[in-house]
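Novice: Encoded as structure tokens, here's the structure I'll be asking about.
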Amino acid sequence: MDIRAKREKQYLEERKQQLEYNMATSRQFLNFFESRLPEGYSEQNQTNFKTDLQSQFAQSAYSHKQLIAMLETYHQEVMKSLADYDKKRSAGSGIV
């Protein structure tokens with residue numbers, strides 16, 4: 001692999017690690033917010049919230065769900081790119 005390809009792969013590896021860390025952190029926040037909401041809550045039906053704080057927790061939980069979904073999508077793209085590098089490396093060295 002040439003120097004440029006190594007740098008690009010290193011960059012992708014770093015992105016992968018950062019994304020995994022961010023997803024884990026967002027899941028921790030999501031768990032925190034959901035643990036303070038009524039069982040079976042719905043972000044759309046706020047009539048079962050007793051306080052404004054619960055309503056804010058529900059909004060935060062919903063935001064974290066969206067963030068996690070975006071991070072997972074980006075993570076999948078990074079993993080595809082890393083797999084492409086591995087394929088190219090294998091094809092270039094004659095290893096299948």
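The values are calculated or read from the model by the stated rules, or taken from the named source; none is laboratory data. Just so you know, these numbers come straight off a predicted model, no measurement behind them. Heavy atoms of the whole protein, side chains included, go into the accessibility calculation; ligands, DNA and RNA do not. Shrake-Rupley method; radii C 1.70, N 1.55, O 1.52, S 1.80 Å.
Novice: Where a Cα-Cα gap under 16 Å defines reach, which lysines qualify for LYS16, not counting those fewer than 8 residues away within the same chain?
Specialist: Filter leaves LYS6, LYS80.
Novice: Another question, then. Among (1) 12.9; (2) 15.9; (3) 13.3, only one was calculated for this model; which label is it, if the read-out is Kirkwood radius over Cα pairs in Å?
Specialist: (2)
Novice: Continuing with the same structure: Whenever you get a sec, line up LYS88, LYS50, LYS9 from highest to lowest accessible area (probe 1.4 Å, protein heavy atoms).
Specialist: The ranking, largest first, comes out as LYS50, LYS88, LYS9.
Novice: Carbon and sulfur together cover what percent of the accessible area of the chain at a 1.4 Å probe radius?
Specialist: Summing carbon and sulfur atoms, their accessible area is 51 percent of the total for the chain.
Novice: If you plug each phi of the range 3-14 into the Karplus form 6.51 cos²θ - 1.76 cosθ + 1.60 with θ = phi - 60°, what whole-Hz ³J(HN,Hα) values come out, in order, with x for Gly and Pro?
Specialist: Result, ordered by residue: 4, 4, 5, 5, 5, 5, 5, 4, 4, 5, 4, 5 Hz.
Novice: Would you mind getting the accessible area per residue of the chain, heavy atoms of the protein chains only, 1.4 Å probe, in Å²?
Specialist: 74 Å²
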